[in-house]
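Q: Below is one structure. I have some questions about it.
FYI, it's all coordinate maths here, none of it is from the lab. Small disclaimer: the values here were computed from a predicted structure and weren't measured. Here Cβ is always computed from backbone atoms with ideal geometry, including for glycine, and neighbour counts include all displayed protein chains.
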Amino acid sequence: MIKVGIIGSTGYAGQELVRLLLGHKEAEIVWYGSRSYIDKKYYEVFGNMFEIVDAKCLDDNMEELAERADVIFTATPQGLCASLVNEEILSKVKIVDLSADFRIKDVSVYEKWYGIEHKSPEYIKEAVYGLCEINREDIKGKRLVANPGCYTTCSILSLYPLVKEGVIDPNSIIIDAKSGTSGAGRGAKINNLYCEVNENIKAYGVTSHRHTPEIEEQLGYACGKEILLNFTPHLVPMNRGILVTAYGNFTKQYTYEEIKAIYDKYYKDEHFVRVLDKDVCPETRWVEGSNYVDVNFKIDERTGRIVVMGALDNLVKGAAGQAVQNMNLIFGLPETMGLELAPMFP
């Protein structure tokens, strides 16, 4: 049985980790970490856990937690994991970090986009980018995994086969993405109040969203060169979900059958990536509550471009589900364990 500690268990992603791990037959949660609710019963924070979780919330003492757990999930704001991790801790426990602290390999890029000093840059090179469908073999057995962001997971998986195969010019990519409000976290913010979000849709982080360099870096690895792209996120009045619509210029003329064969080459054996039937557009409602990513594409013969679409649940495949997937790989368990959840509807 894998003993699990969660730092940040009372955020949305942390609570989703709890929900998933309670159904994982090889995992036992031994630490419900939360600075905001120390000594409060977990079910008092999340009423859905009444008579399911009786444990009290603890602090973020990673030294003590490393003595008690086999793996630590850090579902915390940027900077916290980097400030806590050290060699002694990593010698005792595996860490799956859901923040951006170890996703970007160039520390100067991280510090520029996130506006904070990186507290443990010596571990950036070691950390594996935990996009399981692409870096599966590199993740196995590792002690530090950087769990990808929600926008990035959807964007990269939607575009990866085309970029990897040279089908599109990577510098022509434009990504238009939309997220439910849980992606902004559980903290009280005026912009996330019901009256601010309801009956409204808005762009934010235009030309400056922090997931941009993460997408550029990972797709750059796919095509073997540095790339620049446009990424614009939008906030929509729903709880969960990411929808990505991306555009790219073809490098030559392709048929539907040729592009479909490329997607099948990369994803036909991937349990959690579903390439939809022709002309079926991904929708967030068909992936909600699950670890699936739905992708599809449409060729625009008139402009010589391709329109790529992807949908996932930002709290599952975009956060907690992917983190559990990474844990399974680290410990040599079946990758789907604890994640075989059909999407919920309505």
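Q: Hey, got the dipole for the chain? About the Cα centre, +1 on K and R Cβ, -1 on D and E Cβ, debye to the nearest 20?
A: Dipole about the Cα centre, nearest 20: 360 debye.
Q: Additional query: Taking just the alpha carbons, could you work out the radius of gyration and Dmax for the range 94-241, both in angstroms?
A: That works out to 16.1, 46 Å for Rg and Dmax.
Q: Summarise the long-distance tail of P(r) for the range 271-346 by giving the % of C-alpha pairs beyond 20 Å.
A: Considering the range 271-346, 39 percent of its Cα-Cα pairs are separated by more than 20 Å.
Q: Moving on. With the cut-off at 1.5 for a/c, could you classify the range 123-207 from its C-alpha gyration tensor as rounded, prolate or oblate?
A: oblate
Q: Okay, moving on. Can you tell which of GLY5, TYR42, ALA66 lies farthest toward the positive end of the dipole of the range 2-126, using +1 and -1 charges on the Cβ of basic and acidic side chains (Lys, Arg; Asp, Glu)?
A: Result: TYR42.
Q: Mind checking which of PRO77, PRO148, PRO213 has the largest fluctuation in a GNM of the chain, springs on alpha carbons under 10 Å?
A: PRO77
Q: Among 40-46, 264-270, how do they line up from the highest to the lowest mean number of other beta-carbon atoms within 10 Å?
A: Peptide ranking by packing, descending: 40-46, 264-270.
Q: How much net charge surrounds VAL307 when only other residues with a Cβ under 14 Å from its Cβ are counted (Lys, Arg +1; Asp, Glu -1)?
A: Within the 14 Å Cβ shell, the charges total 0.
Q: Let me ask another. If one computes P(r) from the Cα atoms of the range 151-314, what percent of pairs lie at distances over 27 Å?
A: The answer is 24 percent, as a whole percent.
Q: Right, next: Classify the chain from the C-alpha gyration tensor, please: rounded if a/c falls under 1.5, else prolate or oblate depending on whether a/b exceeds b/c.
A: It is prolate, given that a/c is not under 1.5 and a/b is the larger ratio.
Q: Determine which lysines satisfy two conditions relative to LYS252: a Cα distance under 18 Å, and not lying fewer than 8 residues away in the same chain.
A: LYS164, LYS260, LYS298
Q: Would you mind giving the three semi-axes, in whole Å and largest first, of the ellipsoid equivalent to the range 109-159 according to its Cα gyration tensor?
A: 21, 17, 7
Q: Among VAL324, VAL236, VAL316, whose mean-square fluctuation peaks in a Gaussian network model of the chain (Cα, cutoff 10 Å)?
A: Between VAL324, VAL236, VAL316, it is VAL236 that shows the largest mean-square fluctuation.
Q: When the dipole is taken about the Cα centre of the range 2-126, and only Lys, Arg (+1) and Asp, Glu (-1) are charged at their Cβ, what size is it in debye, to the nearest 20?
A: Roughly 320 debye for the range 2-126.
Q: Moving on. Taking a ≥ b ≥ c as the square roots of the eigenvalues of the Cα gyration tensor of the range 202-279, is the shape rounded (a/c under 1.5), prolate (a/b larger than b/c) or oblate?
A: Cα axes put the range 202-279 in the oblate bin.
Q: Rg and Dmax of the range 2-126, using alpha carbons, in Å: what are they?
A: Expressed in Å, the Cα Rg and Dmax of the range 2-126 come to 14.9, 47.
Q: Distance between Cα centroids, the range 165-238 to the range 239-262: provide it in whole Å.
A: One Cα centre to the other: 17 Å.
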